[in-house]
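In what follows, a structure is listed as structure tokens, so that the remarks can point back to it.
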Amino acid sequence: MLKILTQSPLSLHLHSFVHQLAYFFGYNIFDLKHTFKLLGLLGCLEKIAQTLNVARTTGSSHQAGLDSLLMLQCFMKVKSENVFESKWNETNQMLLPPLALYGLVQTIG
């Protein structure tokens, strides 16, 4: 999507890429698979939903729109339990920094 918005190739430099990402989407971007892994929620989307007691509202798995809806419901469940506010370590650094995208940042933990 960033490539479409900028009408240019993605930056090869991490700093420029993150700057563009933040400019268009803000700093509250979550890589949900990475986020769930940091929270100890492992496995496929169905298993994560089951762990969180989130029921699929309709359809079956591996349908893009329905999987996106289930992912949103899982995220909202985690967010409603204030998990993000409680994930600080002993040095008062957040375990999940803003723009924590898998493979682009190292997290503490």
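Here are a few things to note about the model shown:
- Among the residues of region 49-76, those that are farther than 24 Å from M1 by Cβ, not small (G, A, S) and not in a loop (DSSP other than H, G, I, E, B) comprise Q50, T51.
- Filtered by the rule that a residue be touching a residue at least 60 places away in the same chain (Cβ under 8 Å) and either in contact with a strand residue (DSSP E or B) (Cβ under 6 Å, 6 or more places away or on another chain) or not hydroxyl-bearing (S, T, Y) (or both), region 18-31 gives V18, L21, A22, N28, I29, F30, D31.
- Taking region 1-47 as the range and being surrounded by 11 or more Cβ atoms within 10 Å (Cβ to Cβ) and among the polar types (S, T, N, Q) as the test, the residues that pass are T6, S11, S16, Q20, T35.
- Against the list (1) in contact with a Leu (Cβ under 8 Å, 6 or more places away or on another chain); (2) modelled with pLDDT of 75 or more; (3) surrounded by 12 or more Cβ atoms within 10 Å (Cβ to Cβ); (4) β-branched (V, I, T), the condition T58 fails is (3).
- Cβ-Cβ distances below 6 Å connect the following pairs, each with a first residue in region 58-77 that is over 15 Å from F36 (Cα atoms) and without any contact (Cβ under 8 Å) to a residue 40 or more places away in the chain, a second residue that is of a type outside the set (A, V, I, L, M, F, W, C) and part of a helix (DSSP H, G or I), and a separation of six or more residues or different chains: S61/E46.
The values are calculated or read from the model by the stated rules, or taken from the named source; none is laboratory data. Fair warning: this is a prediction, and the values are worked out from it, not measured in the lab. Cβ: placed from backbone, ideal geometry, glycine included. Neighbour counts: every protein chain shown.
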